[in-house]
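Working notes for the structure below.
The values are calculated or read from the model by the stated rules, or taken from the named source; none is laboratory data. What you are looking at is a predicted structure, and each value in this text was computed from that prediction instead of being measured. Note that each Cβ is placed from the backbone with ideal geometry, even for glycine, and that neighbours are counted across all protein chains shown. The protein model used for the area step is the full one, side chains on, heavy atoms only, and it has no ligands, DNA or RNA in it. Shrake-Rupley method; radii C 1.70, N 1.55, O 1.52, S 1.80 Å.
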Amino acid sequence: KEVNEIEVDSLGKSHSVIFKKDTLKITPLLKFTEDSLSLDRYAYEWLVVPSTSTEELTREVIGTERNLEYFVELEPATYTLYLKVRDKVTGLLWMNYTSLVVRTATSLGWLVIGEDAEGFVNLDMVAMAGDTIVLYNQLSNNGLPRLKDPKSVVYTGRVRMSSYAPHERLWIATGERSYHVNPSTFDLSSTFEPLVYSYFELPEQLNPVYMITKAAGGGMMNSSRTVVCEEGHVFHISSFLSSSEYADPINRTTVSPNVLFKAYPYIYASGGILYDTDNNQFLRYTSYSTTCSSLSDKADDAFPWVQPEGRTLVYGENTMDTEGGGYGNSFALMKDAGTNGYYIYKFKAAGQKVAGYEVNKSLATDIDKAELFAFASNRSILLYVVGKTLHAYDYKRGYEKKYSVELEDEITMVKFDIFSGYGDYNDLYVATYNSTTRGTLQKYVLGTDQNTFELKPDEKCKWNGLVKVKDIDWKNGVQ
(Lines give C-alpha, C1' and ligand atoms only; values in the text may rest on other atoms or scores of the structure.)
Protein backbone atom coordinates (compact mmCIF):
# COMPACT_ATOMS: atom_id res chain seq x y z
CA LYS A 1 0.00 0.00 0.00
CA GLU A 2 1.04 3.59 -0.39
CA VAL A 3 2.78 5.10 2.64
CA ASN A 4 3.98 8.52 3.62
CA GLU A 5 7.30 9.15 1.84
CA ILE A 6 9.87 11.70 3.03
CA GLU A 7 12.51 13.43 0.92
CA VAL A 8 15.46 14.84 2.88
CA ASP A 9 17.29 17.60 1.03
CA SER A 10 19.33 20.83 1.34
CA LEU A 11 21.93 19.52 3.78
CA GLY A 12 24.67 21.25 1.81
CA LYS A 13 27.43 19.57 -0.17
CA SER A 14 30.01 19.90 2.63
CA HIS A 15 30.77 21.85 5.80
CA SER A 16 34.08 22.94 7.35
CA VAL A 17 34.07 24.14 10.95
CA ILE A 18 36.55 25.06 13.67
CA PHE A 19 36.80 22.96 16.84
CA LYS A 20 35.33 24.73 19.91
CA LYS A 21 34.80 27.93 17.95
CA ASP A 22 32.06 27.48 15.33
CA THR A 23 28.38 26.58 15.63
CA LEU A 24 27.14 24.32 12.85
CA LYS A 25 23.68 25.37 11.64
CA ILE A 26 21.71 23.43 9.01
CA THR A 27 18.06 23.91 8.04
CA PRO A 28 17.04 20.90 5.92
CA LEU A 29 14.30 20.88 3.31
CA LEU A 30 11.83 18.07 4.04
CA LYS A 31 9.07 17.03 1.65
CA PHE A 32 6.23 14.67 2.65
CA THR A 33 3.81 12.89 0.35
CA GLU A 34 1.10 12.73 3.05
CA ASP A 35 0.94 14.29 6.50
CA SER A 36 3.43 17.13 7.00
CA LEU A 37 1.51 19.05 9.66
CA SER A 38 1.69 16.68 12.62
CA LEU A 39 5.07 17.75 13.96
CA ASP A 40 5.08 15.13 16.72
CA ARG A 41 4.76 12.40 14.11
CA TYR A 42 8.48 12.58 13.23
CA ALA A 43 11.68 11.85 15.16
CA TYR A 44 14.98 13.39 14.06
CA GLU A 45 18.58 12.29 14.55
CA TRP A 46 21.72 14.08 13.38
CA LEU A 47 24.47 11.45 13.41
CA VAL A 48 28.20 11.88 12.72
CA VAL A 49 30.44 8.98 11.68
CA PRO A 50 34.24 9.39 11.32
CA SER A 51 35.27 8.73 7.73
CA THR A 52 38.17 6.52 8.88
CA SER A 53 36.10 4.21 11.08
CA THR A 54 33.08 1.93 10.84
CA GLU A 55 32.93 1.08 14.53
CA GLU A 56 29.55 1.74 16.16
CA LEU A 57 31.16 3.24 19.27
CA THR A 58 32.75 6.05 17.29
CA ARG A 59 29.38 7.35 16.10
CA GLU A 60 27.83 10.30 17.90
CA VAL A 61 24.41 11.94 17.85
CA ILE A 62 24.80 15.73 17.85
CA GLY A 63 21.16 16.77 17.47
CA THR A 64 17.57 15.52 17.77
CA GLU A 65 15.66 18.53 16.43
CA ARG A 66 14.60 19.12 12.84
CA ASN A 67 16.99 22.07 12.44
CA LEU A 68 20.57 21.52 13.58
CA GLU A 69 22.34 24.06 15.77
CA TYR A 70 25.46 22.46 17.25
CA PHE A 71 28.45 24.10 18.97
CA VAL A 72 31.33 22.07 17.57
CA GLU A 73 33.03 19.86 20.16
CA LEU A 74 33.81 16.92 17.89
CA GLU A 75 37.46 15.88 17.74
CA PRO A 76 39.14 17.35 14.65
CA ALA A 77 38.69 14.86 11.81
CA THR A 78 36.67 14.20 8.65
CA TYR A 79 33.11 12.92 9.18
CA THR A 80 29.98 11.91 7.35
CA LEU A 81 26.96 13.72 8.81
CA TYR A 82 23.58 11.98 8.47
CA LEU A 83 20.09 13.34 9.07
CA LYS A 84 17.67 10.51 9.87
CA VAL A 85 13.94 11.21 9.87
CA ARG A 86 11.72 8.47 11.31
CA ASP A 87 7.97 8.38 10.65
CA LYS A 88 6.62 7.13 13.98
CA VAL A 89 3.31 6.10 12.38
CA THR A 90 4.80 3.79 9.73
CA GLY A 91 8.09 3.08 11.50
CA LEU A 92 9.99 3.81 8.28
CA LEU A 93 13.31 5.66 8.33
CA TRP A 94 14.38 8.15 5.68
CA MET A 95 17.77 9.86 5.50
CA ASN A 96 20.39 11.81 3.60
CA TYR A 97 23.98 12.82 4.33
CA THR A 98 26.71 15.39 3.77
CA SER A 99 30.41 15.69 4.61
CA LEU A 100 31.81 17.49 7.63
CA VAL A 101 35.42 18.53 8.32
CA VAL A 102 36.30 19.66 11.83
CA ARG A 103 39.55 21.60 12.02
CA THR A 104 41.48 23.29 14.77
CA ALA A 105 42.42 26.95 14.50
CA THR A 106 45.93 25.71 13.70
CA SER A 107 44.93 23.35 10.90
CA LEU A 108 45.63 25.72 8.01
CA GLY A 109 48.17 28.46 7.45
CA TRP A 110 51.83 29.42 7.61
CA LEU A 111 54.08 28.06 10.33
CA VAL A 112 56.75 30.63 11.15
CA ILE A 113 59.90 29.69 13.09
CA GLY A 114 62.55 32.09 14.36
CA GLU A 115 63.94 33.83 17.44
CA ASP A 116 61.68 35.43 20.05
CA ALA A 117 62.42 38.66 21.93
CA GLU A 118 64.82 36.83 24.26
CA GLY A 119 66.73 35.14 21.44
CA PHE A 120 65.20 31.67 21.92
CA VAL A 121 63.53 29.53 19.28
CA ASN A 122 59.79 29.99 19.03
CA LEU A 123 56.98 29.42 16.57
CA ASP A 124 54.24 31.76 15.39
CA MET A 125 51.43 30.78 13.06
CA VAL A 126 49.48 32.81 10.53
CA ALA A 127 46.34 30.70 10.95
CA MET A 128 43.80 30.68 8.12
CA ALA A 129 41.34 27.95 9.11
CA GLY A 130 38.67 30.62 9.61
CA ASP A 131 39.40 34.33 9.72
CA THR A 132 43.12 34.95 9.38
CA ILE A 133 44.69 35.44 12.81
CA VAL A 134 48.26 35.35 14.11
CA LEU A 135 49.01 32.94 16.94
CA TYR A 136 52.18 33.91 18.78
CA ASN A 137 54.75 31.93 20.79
CA GLN A 138 53.25 28.50 20.20
CA LEU A 139 56.27 26.67 21.64
CA SER A 140 56.09 28.39 25.03
CA ASN A 141 55.25 26.16 28.01
CA ASN A 142 54.64 23.06 25.90
CA GLY A 143 57.41 20.81 27.20
CA LEU A 144 60.20 21.85 24.85
CA PRO A 145 63.48 23.02 26.37
CA ARG A 146 64.51 26.57 25.54
CA LEU A 147 66.56 26.28 22.38
CA LYS A 148 68.85 28.49 20.32
CA ASP A 149 69.63 28.75 16.60
CA PRO A 150 66.38 28.04 14.68
CA LYS A 151 66.96 26.12 11.45
CA SER A 152 63.66 25.07 9.90
CA VAL A 153 60.06 24.03 10.49
CA VAL A 154 58.62 21.06 8.57
CA TYR A 155 55.01 19.92 8.51
CA THR A 156 54.95 16.43 7.06
CA GLY A 157 51.77 16.93 5.05
CA ARG A 158 48.05 16.46 5.04
CA VAL A 159 46.88 12.90 5.71
CA ARG A 160 45.13 11.36 2.71
CA MET A 161 44.74 7.83 4.14
CA SER A 162 44.00 6.81 7.73
CA SER A 163 47.07 4.55 7.68
CA TYR A 164 49.25 7.66 7.23
CA ALA A 165 47.81 9.41 10.31
CA PRO A 166 50.47 8.12 12.77
CA HIS A 167 53.15 9.67 10.57
CA GLU A 168 51.71 13.18 10.58
CA ARG A 169 54.26 15.27 12.46
CA LEU A 170 55.47 18.80 12.90
CA TRP A 171 59.25 19.07 13.17
CA ILE A 172 61.10 21.86 14.93
CA ALA A 173 64.75 21.91 13.83
CA THR A 174 67.37 23.94 15.68
CA GLY A 175 71.14 24.06 15.90
CA GLU A 176 70.94 22.46 19.34
CA ARG A 177 68.27 19.75 18.89
CA SER A 178 65.36 18.75 16.70
CA TYR A 179 61.98 17.60 18.03
CA HIS A 180 58.61 16.70 16.63
CA VAL A 181 55.58 18.22 18.33
CA ASN A 182 51.84 17.64 18.16
CA PRO A 183 50.76 19.18 14.82
CA SER A 184 47.64 20.72 16.37
CA THR A 185 48.61 21.74 19.91
CA PHE A 186 52.41 21.98 19.43
CA ASP A 187 53.01 20.02 22.63
CA LEU A 188 56.28 18.09 22.78
CA SER A 189 56.17 14.58 21.34
CA SER A 190 59.69 13.17 20.88
CA THR A 191 62.99 13.21 18.98
CA PHE A 192 64.09 11.37 15.85
CA GLU A 193 66.28 8.66 17.40
CA PRO A 194 63.41 6.35 18.53
CA LEU A 195 62.29 6.11 14.89
CA VAL A 196 65.66 4.73 13.71
CA TYR A 197 66.69 1.07 13.77
CA SER A 198 70.19 0.76 12.31
CA TYR A 199 73.22 -1.51 12.52
CA PHE A 200 75.56 1.42 11.90
CA GLU A 201 77.24 3.24 14.75
CA LEU A 202 75.44 6.58 14.77
CA PRO A 203 75.67 9.72 16.93
CA GLU A 204 73.63 9.86 20.13
CA GLN A 205 71.68 12.74 18.64
CA LEU A 206 70.20 12.79 15.14
CA ASN A 207 68.77 16.18 14.28
CA PRO A 208 66.60 16.35 11.14
CA VAL A 209 66.82 19.71 9.37
CA TYR A 210 65.11 18.92 6.05
CA MET A 211 62.66 16.29 4.82
CA ILE A 212 60.93 15.16 1.65
CA THR A 213 57.47 14.37 3.01
CA LYS A 214 54.80 15.94 0.82
CA ALA A 215 53.87 16.86 -2.71
CA ALA A 216 54.00 20.43 -4.01
CA GLY A 217 50.76 22.22 -4.87
CA GLY A 218 48.61 21.28 -1.88
CA GLY A 219 50.86 19.60 0.67
CA MET A 220 49.43 16.07 0.55
CA MET A 221 51.59 13.59 2.49
CA ASN A 222 53.68 11.14 0.46
CA SER A 223 53.73 7.44 1.28
CA SER A 224 57.54 7.61 1.34
CA ARG A 225 59.82 9.88 3.35
CA THR A 226 63.46 10.99 3.19
CA VAL A 227 65.13 12.76 6.10
CA VAL A 228 68.51 14.51 6.18
CA CYS A 229 70.10 15.30 9.53
CA GLU A 230 72.44 18.13 10.42
CA GLU A 231 75.11 15.54 11.17
CA GLY A 232 75.04 14.51 7.48
CA HIS A 233 73.09 11.25 7.78
CA VAL A 234 70.15 10.53 5.45
CA PHE A 235 67.32 8.07 6.14
CA HIS A 236 64.62 6.82 3.82
CA ILE A 237 61.35 4.91 4.09
CA SER A 238 60.01 3.69 0.76
CA SER A 239 56.45 3.22 2.03
CA PHE A 240 54.75 3.58 5.39
CA LEU A 241 52.47 0.76 4.34
CA SER A 242 55.36 -1.70 4.62
CA SER A 243 57.51 -0.17 7.37
CA SER A 244 57.42 2.70 9.84
CA GLU A 245 61.04 2.49 10.99
CA TYR A 246 64.07 4.14 9.44
CA ALA A 247 66.70 1.50 8.73
CA ASP A 248 70.39 1.98 7.91
CA PRO A 249 71.29 5.42 6.54
CA ILE A 250 71.56 5.75 2.76
CA ASN A 251 74.41 8.30 2.78
CA ARG A 252 76.79 5.64 1.46
CA THR A 253 77.59 4.45 -2.04
CA THR A 254 77.11 1.11 -3.73
CA VAL A 255 80.90 0.98 -4.19
CA SER A 256 81.63 1.61 -0.48
CA PRO A 257 78.48 0.52 1.36
CA ASN A 258 80.17 0.48 4.77
CA VAL A 259 81.51 4.04 4.58
CA LEU A 260 79.17 6.89 5.47
CA PHE A 261 79.71 10.23 3.71
CA LYS A 262 78.46 13.54 5.08
CA ALA A 263 75.49 14.73 3.03
CA TYR A 264 74.65 18.39 2.44
CA PRO A 265 71.54 19.17 4.54
CA TYR A 266 69.17 19.32 1.58
CA ILE A 267 67.49 16.68 -0.58
CA TYR A 268 66.71 17.12 -4.26
CA ALA A 269 63.35 15.54 -5.09
CA SER A 270 61.50 13.90 -6.62
CA GLY A 271 63.94 11.21 -7.27
CA GLY A 272 66.15 12.09 -5.56
CA ILE A 273 69.69 13.37 -5.40
CA LEU A 274 72.04 13.96 -2.47
CA TYR A 275 75.24 15.96 -2.38
CA ASP A 276 78.28 14.25 -0.88
CA THR A 277 80.24 17.04 0.86
CA ASP A 278 83.21 14.76 1.55
CA ASN A 279 83.86 14.06 -2.13
CA ASN A 280 82.00 17.02 -3.67
CA GLN A 281 79.72 15.04 -5.94
CA PHE A 282 76.02 14.58 -6.61
CA LEU A 283 74.69 11.06 -6.05
CA ARG A 284 71.40 9.38 -6.99
CA TYR A 285 69.04 7.26 -4.91
CA THR A 286 65.67 5.75 -5.81
CA SER A 287 62.55 4.97 -3.82
CA TYR A 288 63.84 1.53 -2.82
CA SER A 289 67.56 2.34 -2.57
CA THR A 290 69.63 1.40 0.44
CA THR A 291 72.72 3.13 -1.00
CA CYS A 292 73.49 5.93 -3.46
CA SER A 293 74.87 5.46 -6.95
CA SER A 294 77.22 7.60 -9.01
CA LEU A 295 76.03 9.81 -11.87
CA SER A 296 78.02 9.85 -15.10
CA ASP A 297 79.51 12.91 -16.78
CA LYS A 298 80.38 13.54 -20.43
CA ALA A 299 82.81 16.13 -21.73
CA ASP A 300 80.14 18.26 -23.45
CA ASP A 301 77.61 18.22 -20.55
CA ALA A 302 76.05 21.43 -19.27
CA PHE A 303 77.76 20.88 -15.90
CA PRO A 304 79.51 18.07 -14.00
CA TRP A 305 78.02 15.81 -11.32
CA VAL A 306 81.51 15.25 -9.94
CA GLN A 307 82.94 18.66 -9.11
CA PRO A 308 86.31 19.96 -10.22
CA GLU A 309 88.85 20.76 -7.53
CA GLY A 310 87.69 23.61 -5.29
CA ARG A 311 84.05 23.78 -6.45
CA THR A 312 81.43 23.21 -3.71
CA LEU A 313 77.70 23.51 -3.18
CA VAL A 314 76.51 26.80 -1.69
CA TYR A 315 72.71 26.48 -1.94
CA GLY A 316 70.10 24.06 -3.28
CA GLU A 317 66.38 24.32 -3.98
CA ASN A 318 63.53 22.34 -5.54
CA THR A 319 61.19 24.43 -7.69
CA MET A 320 58.27 24.11 -10.08
CA ASP A 321 60.37 25.20 -13.09
CA THR A 322 59.33 22.82 -15.88
CA GLU A 323 61.94 23.39 -18.60
CA GLY A 324 62.56 20.00 -20.17
CA GLY A 325 59.12 18.73 -19.16
CA GLY A 326 58.09 16.50 -16.30
CA TYR A 327 58.31 17.44 -12.66
CA GLY A 328 59.75 20.71 -11.38
CA ASN A 329 63.47 21.27 -11.81
CA SER A 330 66.00 21.50 -9.02
CA PHE A 331 68.78 24.05 -8.76
CA ALA A 332 72.24 24.12 -7.24
CA LEU A 333 74.34 27.23 -6.73
CA MET A 334 78.04 26.32 -6.78
CA LYS A 335 81.13 28.33 -5.83
CA ASP A 336 84.65 27.85 -7.15
CA ALA A 337 87.18 28.65 -4.43
CA GLY A 338 90.04 29.19 -6.88
CA THR A 339 88.37 31.74 -9.16
CA ASN A 340 85.72 32.91 -6.67
CA GLY A 341 83.25 32.30 -9.50
CA TYR A 342 79.66 31.04 -9.18
CA TYR A 343 77.73 28.52 -11.29
CA ILE A 344 74.07 27.55 -11.53
CA TYR A 345 73.09 23.94 -12.25
CA LYS A 346 69.53 23.10 -13.33
CA PHE A 347 68.53 19.44 -13.33
CA LYS A 348 65.85 16.81 -12.82
CA ALA A 349 66.17 15.09 -9.47
CA ALA A 350 65.79 11.80 -11.33
CA GLY A 351 69.30 12.46 -12.65
CA GLN A 352 68.93 14.36 -15.95
CA LYS A 353 70.88 17.58 -16.57
CA VAL A 354 68.84 20.46 -18.00
CA ALA A 355 71.15 23.50 -18.18
CA GLY A 356 74.21 25.08 -16.65
CA TYR A 357 75.13 28.75 -16.30
CA GLU A 358 78.17 30.70 -15.19
CA VAL A 359 77.16 33.67 -13.07
CA ASN A 360 78.31 37.02 -14.46
CA LYS A 361 79.90 38.48 -11.32
CA SER A 362 80.24 41.91 -12.88
CA LEU A 363 76.45 41.99 -12.82
CA ALA A 364 75.73 39.83 -9.75
CA THR A 365 77.64 42.11 -7.42
CA ASP A 366 77.94 41.17 -3.73
CA ILE A 367 76.72 37.62 -4.36
CA ASP A 368 79.70 36.42 -2.36
CA LYS A 369 78.31 38.32 0.67
CA ALA A 370 74.86 36.70 0.47
CA GLU A 371 73.56 33.97 2.77
CA LEU A 372 69.90 33.94 1.67
CA PHE A 373 68.91 32.70 -1.81
CA ALA A 374 65.79 31.66 -3.74
CA PHE A 375 65.19 30.39 -7.29
CA ALA A 376 62.01 31.40 -9.13
CA SER A 377 59.87 28.72 -10.79
CA ASN A 378 58.55 30.75 -13.73
CA ARG A 379 61.47 33.10 -14.38
CA SER A 380 65.21 32.64 -14.93
CA ILE A 381 65.76 34.55 -11.70
CA LEU A 382 68.07 33.91 -8.74
CA LEU A 383 67.29 36.05 -5.71
CA TYR A 384 69.96 36.76 -3.14
CA VAL A 385 70.02 38.99 -0.07
CA VAL A 386 72.64 41.29 1.38
CA GLY A 387 71.42 43.17 4.46
CA LYS A 388 68.33 45.18 3.47
CA THR A 389 68.86 44.67 -0.26
CA LEU A 390 67.08 42.04 -2.33
CA HIS A 391 69.01 41.37 -5.55
CA ALA A 392 67.46 39.59 -8.54
CA TYR A 393 69.90 38.16 -11.07
CA ASP A 394 68.50 36.99 -14.43
CA TYR A 395 70.84 34.20 -15.46
CA LYS A 396 69.36 33.56 -18.93
CA ARG A 397 72.33 33.28 -21.27
CA GLY A 398 72.71 36.36 -23.48
CA TYR A 399 70.06 38.30 -21.51
CA GLU A 400 71.76 38.56 -18.12
CA LYS A 401 70.52 41.42 -15.96
CA LYS A 402 70.58 42.36 -12.29
CA TYR A 403 67.87 44.23 -10.40
CA SER A 404 67.94 45.42 -6.79
CA VAL A 405 65.20 46.37 -4.34
CA GLU A 406 66.02 48.16 -1.09
CA LEU A 407 63.71 47.38 1.83
CA GLU A 408 63.34 49.35 5.06
CA ASP A 409 64.63 46.63 7.38
CA GLU A 410 67.03 43.71 7.49
CA ILE A 411 65.83 40.78 5.39
CA THR A 412 65.87 37.50 7.34
CA MET A 413 64.18 35.11 4.89
CA VAL A 414 63.07 34.79 1.24
CA LYS A 415 61.00 31.83 0.07
CA PHE A 416 58.76 31.03 -2.89
CA ASP A 417 55.47 29.27 -2.18
CA ILE A 418 55.25 25.94 -4.02
CA PHE A 419 53.27 24.01 -1.40
CA SER A 420 50.04 25.83 -0.55
CA GLY A 421 48.37 25.13 -3.90
CA TYR A 422 47.32 28.76 -4.28
CA GLY A 423 48.56 30.97 -7.10
CA ASP A 424 50.90 29.92 -9.89
CA TYR A 425 54.20 29.66 -7.98
CA ASN A 426 54.96 33.37 -8.35
CA ASP A 427 54.19 34.15 -4.69
CA LEU A 428 57.30 35.20 -2.77
CA TYR A 429 57.37 35.55 1.00
CA VAL A 430 59.93 37.98 2.40
CA ALA A 431 60.59 38.35 6.13
CA THR A 432 62.21 41.42 7.66
CA TYR A 433 63.08 42.47 11.20
CA ASN A 434 63.54 45.54 13.36
CA SER A 435 63.54 45.87 17.14
CA THR A 436 60.34 47.96 17.20
CA THR A 437 57.83 46.06 15.10
CA ARG A 438 59.87 42.83 15.32
CA GLY A 439 59.44 40.26 12.59
CA THR A 440 57.33 41.05 9.52
CA LEU A 441 56.21 38.55 6.90
CA GLN A 442 55.08 40.04 3.59
CA LYS A 443 53.76 38.27 0.54
CA TYR A 444 54.78 39.62 -2.88
CA VAL A 445 53.78 38.50 -6.36
CA LEU A 446 56.64 38.26 -8.84
CA GLY A 447 55.79 39.88 -12.16
CA THR A 448 55.83 37.74 -15.30
CA ASP A 449 57.30 40.34 -17.72
CA GLN A 450 60.60 38.74 -18.71
CA ASN A 451 62.15 42.13 -19.53
CA THR A 452 61.88 43.66 -16.07
CA PHE A 453 61.64 42.79 -12.38
CA GLU A 454 58.52 43.70 -10.46
CA LEU A 455 57.46 42.65 -6.96
CA LYS A 456 53.88 43.59 -6.17
CA PRO A 457 53.08 43.50 -2.42
CA ASP A 458 49.84 41.85 -1.37
CA GLU A 459 48.64 44.24 1.33
CA LYS A 460 46.22 41.65 2.73
CA CYS A 461 49.12 39.33 3.42
CA LYS A 462 51.38 41.26 5.76
CA TRP A 463 51.86 40.32 9.40
CA ASN A 464 53.90 42.07 12.12
CA GLY A 465 55.07 41.29 15.64
CA LEU A 466 56.47 37.90 14.65
CA VAL A 467 59.64 36.13 15.67
CA LYS A 468 62.82 37.03 13.80
CA VAL A 469 61.84 34.76 10.94
CA LYS A 470 64.20 31.99 9.87
CA ASP A 471 61.85 29.69 7.94
CA ILE A 472 58.19 29.11 7.07
CA ASP A 473 56.22 26.06 6.00
CA TRP A 474 52.66 25.56 4.80
CA LYS A 475 50.30 23.52 6.97
CA ASN A 476 47.17 22.11 5.39
CA GLY A 477 45.92 19.46 7.78
CA VAL A 478 42.49 18.19 8.76
CA GLN A 479 43.32 18.86 12.39
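Key figures for this structure:
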item: Estimated vicinal HN-Hα couplings, Hz - the range 63-70 in sequence order (Karplus 6.51, -1.76, 1.60; Gly, Pro = x); result: x, 10, 9, 4, 9, 8, 9, 10
item: Gain on full stretching of the segment that runs from Val255 to Asn340 - 0.36 nm per residue minus C-alpha separation; result: 27.4 nm
item: Lysine pairs meeting the criterion (Cα under 30 Å, 8 or more apart or interchain), as found in the range 19-104; result: 6
item: Heavy atoms of Ser184: accessible area, 1.4 Å probe, square angstrom to 10; result: 20
item: Within the chain, percent of DSSP bridges classed antiparallel, to nearest 5; result: 95
item: The range 102-218, accessible area per residue, ligands and nucleic acids excluded (1.4 Å, Å²); result: 41
item: Gap separating the Cα centres of the range 425-469 and the range 309-374, nearest whole Å; result: 23
item: Cα centre as origin, Lys/Arg/Asp/Glu Cβ charges: the chain dipole, Debye; result: 460
item: Amide H contacts of Val386 (H built 1.01 Å from N, under 5 Å, at least 5 apart or other chain); result: His391
item: Segments 22-28, 457-463, 413-419 sorted - mean Cβ within 10 Å per residue, highest first; result: 413-419, 22-28, 457-463
item: Test item: Cα-centred dipole of the range 321-392, Lys/Arg +1 and Asp/Glu -1 on Cβ, debye; result: 80
item: Whole-Å distance, taken between Cα centres, linking the range 107-159 and the range 381-411; result: 28
item: Compactness relative to 2.2 N^0.38 Å, alpha carbon Rg of the chain; result: 1.15
item: Portion, in percent, of the accessible area of the range 41-180 that falls on carbon or sulfur, probe 1.4 Å; result: 47
item: Whole-Å distance, taken between Cα centres, linking the range 210-252 and the range 1-70; result: 43
item: Virtual spin-label span in nm between Ser404 and Val89, 7 Å along Cα→Cβ; result: 8.5
item: Probe 1.4 Å, protein heavy atoms only - accessible area per residue of the range 409-455 in square angstrom; result: 42
item: Amide H contacts of Leu92 (H built 1.01 Å from N, under 5 Å, at least 5 apart or other chain); result: Asp87
item: Protection proxy ranking, peptides 420-433, 287-300, average beta carbon neighbours within 10 Å, highest first; result: 420-433, 287-300
item: Per-peptide average of other Cβ atoms within 10 Å, ordering 358-365, 90-97 highest first; result: 358-365, 90-97
item: Å² of accessible area per residue within the range 298-369, as computed with a 1.4 Å probe and no ligands counted; result: 45
item: Net charge, Ala127 excluded, C-beta distance under 12 Å - Lys, Arg +1, Asp, Glu -1; result: +1
item: Accessible surface of the range 212-366, 1.4 Å probe, proportion on carbon and sulfur as whole %; result: 49
item: Amide proton proximity set for Lys151, modelled H, under 5 Å, gap of 5+; result: Ala173, Thr174, Gly175
item: Global size of the range 104-233 as Cα Rg and Dmax, reported in angstrom; result: 14.8, 49
item: Quotient of Cα Rg and 2.2 N^0.38 Å for the range 1-123, N being how many residues it contains; result: 1.45
